[in-house]
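First comes the structure, then the notes that go with it.
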Protein chains: 2
Amino acid sequence: MTTKPVIGLLGGGQLGRMLCESAGPLGYQIAILDEENSPAKQANHNDLHVTGSFKDPAKIKLLASRSDVLTVEIEHVDTQVLEEIATVGVDVTNADGAVTKKKVPVHPDWKTIRLIQDKYEQKEYLGKKGIPIAEQMAIADAGADRKASLQEATTKYGFPYMLKGAKGSYDGRGNFKVRSPEDFETAIQQMGDQPLYAERWVPFEMELAVMVVRTEDDAGKLQKVMPYPVVETIHEDSVCTKVFFPPRNVADDMQARAQKIACDVVSHLWGRGVFAVEMFLLKDGQVIVNEIAPRPHNSGHYTIEAVPQMSQYKAQLCAIMNDFPKDFEVVPRVPSALMVNILGGAKPTSHGELAELSRKLSNRSMDVYLHDYGKQSKPGRKIGHVTAIGYSSISKLLVKPHLRGQHRYHPRLPPLVAVTMGSDSDLPVLTAGLKILDQFNVPYEVRITSAHRTPHHMMKFAAEMAQGGVKVIIAAAGGAAHLPGMVASEVHLPVIGVPVKASVLDGVDSLYSIVQMPRGIPCATVGIGNSTNAALLAIRILGTTYPEYAAQMKAYQTKMKDEVLEKDLKLSSDGWQKYLEAKK
Amino acid sequence: MTTKPVIGLLGGGQLGRMLCESAGPLGYQIAILDEENSPAKQANHNDLHVTGSFKDPAKIKLLASRSDVLTVEIEHVDTQVLEEIATVGVDVTNADGAVTKKKVPVHPDWKTIRLIQDKYEQKEYLGKKGIPIAEQMAIADAGADRKASLQEATTKYGFPYMLKGAKGSYDGRGNFKVRSPEDFETAIQQMGDQPLYAERWVPFEMELAVMVVRTEDDAGKLQKVMPYPVVETIHEDSVCTKVFFPPRNVADDMQARAQKIACDVVSHLWGRGVFAVEMFLLKDGQVIVNEIAPRPHNSGHYTIEAVPQMSQYKAQLCAIMNDFPKDFEVVPRVPSALMVNILGGAKPTSHGELAELSRKLSNRSMDVYLHDYGKQSKPGRKIGHVTAIGYSSISKLLVKPHLRGQHRYHPRLPPLVAVTMGSDSDLPVLTAGLKILDQFNVPYEVRITSAHRTPHHMMKFAAEMAQGGVKVIIAAAGGAAHLPGMVASEVHLPVIGVPVKASVLDGVDSLYSIVQMPRGIPCATVGIGNSTNAALLAIRILGTTYPEYAAQMKAYQTKMKDEVLEKDLKLSSDGWQKYLEAKK
């Protein structure tokens, strides 16, 4: 169907491959410039391919002549050629043999790519736009007195500080940590002739990343920047190895802040497409921008399964073709995901073992997806990734890929149930329920939030719950038992109230205080002191989302039935006297 | 990476294309036998392709010589050659130039393919195995007295009956409905020389289909047959146009029966892979088998999004490679799906409009996925499909594809909430709650199931609820108010009890009867007569699964708050006297 528009793609690695995998069903046509048998070409077959290097200006022009729009899967491309193609045009031979110039738009804009190629300039630019970045200074050119320049950086930032190559490096490669004046010589030697800059040492708590879609109208006017969820990225030996969605233990407001910053960054760039904004979360809660990738990114692989309706690859295609749905909102379709890169191991057959492993790991409540890039395996090379999608807990997530070392991860789980009480004197009443939650393997947290002694603390707790991953709240209180109802007023979640029997009135006061909520704010009330039923009700509610809990509940009910039937049999066969005797 | 095993695929149409799309990420390598630029080849590029017809024995042998296993995406292939390849072997030239025979396994087995090629023989075989089928008889060969044979069929089945070609047809093509003796001549002429059979007219209610995975060990011993969910297929002008998952208004036990029959059918076949079993659901509730496809099938396209962890394509690959995960259970990851085929329209550019449409239709609670097959559009040709996945209701599903006619579908929704009461005298109390459910656009059903007057009816209702798509039950009762608790005893779902005030005791009797359930069986109790809160609680629970309802609940709470704040402002500015006056 060469009548369809053609997307010319510079680079045919794994990002290009996944772009092609998304393009096929959507009916987009891609022409790839890369070597024969590159990962992307294996998944895309047509007569538009250009075989060669994406650094070769002639080949880029040939690709452009066959394309309606150009895009990149790697930013280390010749932006002079891209500028020429976009502004002057490329020669095309018409049917009548005449040669004319055709301008081919480049997305993201060549200006964006050029800016991003220089990490120092990139951050200078962002800094001027008010984006939080680490302090930095340019180091004198090779040939000049680099040592003096390093000394100046020492004066500015103290030890340690980072020395970074401005161009051509990614994934933290080409960085040098300067710890003392003794390091100057080694640093200068190791970093070679490339342009360098120094950066204040940033002791970060965690690395975060946000994918952002940027759309523009045909006149080049910014239409929208739209963030994906925040993820936590793990780097080992300067290579991204894992991505957690959502990030572990990062408060919602902090995540919202990171999304806001990422959108700000991307609003200051040019062209359409997806952009990865990599950030540091500092110990003091500050978020600063580290670097940008003007393309689909390793930190967004998880979107293939977690945002299947609009993965970063689909978004890239729709955005550059100006096809992005107008009112689209990024709503993940799964509660959690873990992406693990597969790095080439010692054996070339690792991928077979990994496929096997990913099949074995799948179960009712977790799906494991393999993405083989069709690459020759080399030690340390990214040859694929797996994404595990948790449908209930990801506690069982135990991914054992052929990383350079062996790693096991037990991420701390976001709780599904929050249990709170007005006073620690209510805890004994809640014990039976907490044991039920343990028995059903439900992740939960327990808190004390008195409605009357700590009203603000209680409201804050409730507001937090309303934002996070918690699905159900259990609240116990006695007497003028306001806690369950007050929490219910603050959240949109189901709240289960457990009336606790106080010193007088036998718990009826507590029951009425909880169950007789006004129209508009329901509180699911269970029997007086019956935290067992509160927990079981919470699990029934979780079962409406997670088949695992529904199955467990069915099994629990069957067991209960069997136990009573057994007792009935025993009673009817032994007689009541003997039965009573045995029970003593 | 030619060290990976090679799957030889006969046929490169859309089924082959989707097989390739699944194979890439999983790291399976496919060699396709079909014409250049066939749909599958566009998505799969390597040096193993064989260009030519999948009916050409020489090409099939060439493909086999490059493959480790052979499979088909169409059953109209030469099974003599497949038999020879599997049992005698195919010539391969070794590195030293010597020619040896290599046996290549064929999955599904060539015996299965051969049997299925003859629809008459296929059903005769199934009938002998005890599978329910429509009565049928062979019609005399062309040349013999076909008219006498048709007369015999008339005597056996009466009018109308079906005359069918035994071979080479699918999707209901090549069928002739014989209505009277006057049709004999036309039927004989129209059906031509092909082998024919007559079939008793089956007035079916609905067409159902079940995909089944069949695994075998390396010795060819059956390991497992595993069904996918039942779907409803819609045929128009003898072409499948739509597939509903789940089928509309088909009881769970009937669905289970259809799955059982489909598994029985497939257990009597040979080889590994996925099989589609197409069935008729008759008016009397009988399920009979119509035909089998020994491969991925149109009725299973929806599994790409609805069972993403193991679509029919992944299952086909895993099964034929003997890689199928041992304890895998087919658990759909979405509540509902609608697949609509895109048939070529008048314009060759229809696909562009469709892509546009599928993007526009997506929203927070429904995802629409486009699958473009990369085919030249011809009127009536299957050139793609869209699958709409409903995350809450699919009521908004309004798919307007370029079918030959224009069709709109408003499927009846499976309810998410069931509301029941002990007596119709409770209905006035429930009215406020039902209005809330309407206001929030929640699909529900309302029933009367008295615990004391109709105990069996109540238990049956509860059991049905526990199986279906209902997520929450609301039960109202007064006095010795047993209904909510009894329903809770029968189901694993959350049950919300509404105490109804009876003639004495002010509703306290009802409240205690509902809230004081024994440990083990929780009932979420709301205030006396407060069905509003019961409905709101149900919506809070639905909100834990469906973001749409959570968002609505937040908006509802904000509105409530604003209303009170407004009243406060009015009261404080007007003074209480004027306020009271205005309220009168």
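The values are calculated or read from the model by the stated rules, or taken from the named source; none is laboratory data. Everything numeric in this text was worked out from a predicted model, so none of it was measured. Glycine gets a Cβ as well: all are built from the backbone with ideal geometry, and neighbour counts include every protein chain shown. Only protein heavy atoms, including side chains, enter the accessible area calculation; ligands, DNA and RNA are left aside. Shrake-Rupley method; radii C 1.70, N 1.55, O 1.52, S 1.80 Å.
Out of residues 5 or more away from B:LYS382 or on other chains, whose amide H comes under 5 Å of its own, with H placed 1.01 Å from N in the peptide plane?
Answer set, sorted by chain and number: B:GLY344.
Starting at 0 and stepping by 20 Å, how many percent of the alpha carbon pairs of chain A end up in each bin?
Binned Cα distances yield the sequence 17, 42, 28, 11, 2, 0.
Post the alpha-carbon centroid distance, the stretch A:187-259 to the stretch A:300-318, in whole angstrom.
Centre-to-centre (Cα) distance: 17 Å.
Of all DSSP beta bridges in the protein assembly as shown, what percent run antiparallel (nearest 5)?
The antiparallel fraction comes to roughly 70 percent.
Ratio of Rg to Rh for the stretch A:417-543, alpha carbon only, Kirkwood?
On the way: Rg = 12.9 Å, Rh = 13.9 Å.
That ratio is 0.92, to two decimals.
Hey, rough spin-label estimate for A:ASP141 and B:GLN516, points 7 angstrom out along Cα→Cβ, what's it come to in nanometres?
Going from the A:ASP141 label point to the B:GLN516 one covers 9.1 nm.
Under 8 Å for C-alpha pairs, at least 6 residues apart: give me the relative contact order for chain B, rounded to a whole percent.
Details: 1195 pairs, mean separation 47.5, N = 584.
Relative contact order for chain B comes out at 8 percent.
Counting only residues 5 or more places away or on other chains, whose amide H sits under 5 Å from the amide H of A:GLU205 once H atoms are built in the peptide plane?
So A:GLU205 has HN proximity to A:LEU281, A:LEU282, A:LYS283.
Put +1 on the Cβ of every Lys and Arg and -1 on every Asp and Glu Cβ in the stretch B:204-390; which of B:TRP270, B:VAL334, B:TYR228 then has its Cα farthest towards the positive end of the dipole?
B:VAL334
Step through the residues of the stretch B:120-129 one at a time and calculate ³J(HN,Hα) from phi using the Karplus curve (6.51 cos²θ - 1.76 cosθ + 1.60, θ = phi - 60°), rounding each to whole Hz and writing x for Gly and Pro.
Once θ is set to phi - 60°, the couplings for the stretch B:120-129 become 5, 4, 3, 6, 4, 4, 5, x, 5, 8 Hz.
Quick one: with label points 7 Å out along Cα→Cβ, list the inter-copy distances for A:SER53 in nm, shortest first?
4.7
Show me, for the stretch A:47-53, the HN-Hα J-couplings you get by feeding each phi into the Karplus relation (A = 6.51, B = -1.76, C = 1.60, θ = phi - 60°), rounded to Hz, glycine and proline as x.
8, 9, 3, 10, 8, x, 9
Quick one: with label points 7 Å out along Cα→Cβ, list the inter-copy distances for A:ASP562 in nm, shortest first?
Sorted ascending, the copy-to-copy spacings read 5.5 nm.
List the extent of the Cα atoms of the protein assembly as shown along each of their three principal axes, largest first, rounded to whole Å.
Largest to smallest, the principal-axis extents are 107, 95, 68 Å.
If you take the Cα Rg of the stretch A:50-105 and divide it by 2.2 N^0.38 Å, with N the number of residues, what do you get?
Working: Rg = 11.2 Å, N = 56, 2.2 N^0.38 = 10.2 Å.
The stretch A:50-105 yields a ratio of 1.10.
Could you let me know the centre-to-centre spacing of the stretch B:85-110 and the stretch A:459-497, using Cα atoms, in angstrom?
So the two Cα centres are separated by 69 Å.
Once both axes come from the Cα atoms, what is the angle between helix B:350-361 and the longest principal axis of chain B, in degrees from 0 to 90, rounded to 10?
Compared with the principal axis, the helix lies near 20 degrees.
Taking the Cα centre of chain A as origin, work out the dipole magnitude from +1 charges on Lys and Arg Cβ and -1 charges on Asp and Glu Cβ, in debye rounded to 20.
Values: 67 positive and 65 negative charges, 219 e Å.
The dipole of chain A has a size of about 1060 debye.
Run lengths n ≥ 4 of DSSP H only: what is the helix-derived mean residue ellipticity at 222 nm for chain B, with -39500 (n - 2.57) per run over all residues, to the nearest 500?
After summing the helix terms and dividing by residue count, I get -10500 deg cm²/dmol.
Between B:GLN80 and B:LYS221, how high is the FRET efficiency from 1/(1 + (r/R0)^6) when r is the Cβ-Cβ distance and R₀ = 41 Å? Nearest 0.05. Spell out each step's value before the answer.
Working: r = 26 Å, r/R0 = 0.62.
The computed FRET efficiency comes out at 0.95.
Put a label point 7 Å from Cα along the Cβ direction on A:GLU36, then list its distances to the equivalent points in the other copies in nm, shortest first.
Once sorted, the set of distances for A:GLU36 reads 1.6 nm.
Debye sum, Cα scatterers, the stretch A:57-147, no solvent: what log₁₀ I/I(0) at q = 0.11, 0.13, 0.23, 0.24 1/Å?
-0.46, -0.59, -1.08, -1.13
What part of the accessible area of chain B, given as a whole %, is carbon or sulfur when the probe is 1.4 angstrom? Write down the numbers at each step before the final one.
Values: 12470 of 23400 Å².
Looking at chain B in its full context, I get 53 percent from C and S.
Give me the tail of P(r) for the stretch A:277-337 as a percent: Cα-Cα pairs with distance above 15 Å. The partial results should precede the final answer.
Numbers: 1105 of 1830 pairs.
Across the stretch A:277-337, Cα pairs with separations above 15 Å total 60 percent.
Defining a contact as two alpha carbons under 8 Å apart and six or more residues distant in sequence, what relative contact order in percent does the stretch B:1-76 show?
After rounding, I find 41 percent.
Would you mind checking which residues have amide H under 5 Å from A:ILE133's amide H? H placed 1.01 Å from N; only 5 or more apart, or other chain.
Under 5 Å from the amide H of A:ILE133: A:VAL289.
Report, in debye and to the nearest 20, how large the dipole of the stretch B:6-106 comes out about its Cα centre when Lys and Arg carry +1 and Asp and Glu carry -1 on their Cβ.
Computed charge dipole of the stretch B:6-106: roughly 160 debye.
Towards the positive end of the charge dipole of the protein assembly as shown, with charges on Cβ (+1 Lys, Arg; -1 Asp, Glu), say which of B:MET421, A:LEU126, A:PHE324 has the farthest Cα.
B:MET421
May I ask for the percentage of alpha-carbon pairs in the stretch B:204-390 that lie more than 24 Å from each other? Can you show the working numbers first?
Working: 7061 of 17391 pairs.
Value for the stretch B:204-390 (Cα pairs over 24 Å): 41 percent.
Once phi is turned into ³J(HN,Hα) by the Karplus curve 6.51 cos²θ - 1.76 cosθ + 1.60 with θ = phi - 60°, what whole-Hz value does each residue of the stretch A:378-390 show in order, with x for glycine and proline?
Per residue, the Karplus-derived 3J(HN,Hα) values read 9, x, x, 7, 6, 9, x, 8, 10, 10, 9, 10, x Hz.
Go through the stretch B:422-513 and name the trypsin sites (Lys or Arg not before Pro) that are in a DSSP coil and have 16 or fewer other Cβ atoms within 10 Å of their Cβ.
Details: sites: B:LYS435, B:ARG447, B:ARG453, B:LYS460, B:LYS471, B:LYS501; in loops: B:ARG453, B:LYS471, B:LYS501.
Counting only loop positions with at most 16 other Cβ atoms within 10 Å, the trypsin sites (Lys or Arg not before Pro) in the stretch B:422-513 are B:ARG453.
Based on the alpha carbon coordinates of the stretch B:248-309, what radius of gyration and maximum Cα-Cα distance (Dmax) apply, in Å?
12.6, 36
How large is Rg/Rh for the stretch A:6-106, to two decimals, with Cα atoms and a Kirkwood Rh?
Details: Rg = 13.0 Å, Rh = 13.4 Å.
Looking at the stretch A:6-106, the ratio lands at 0.96.
On the Cα set of the stretch B:136-200, report Rg and Dmax in Å, please.
Just the Cα atoms of the stretch B:136-200 yield Rg and Dmax of 10.4, 28 Å.
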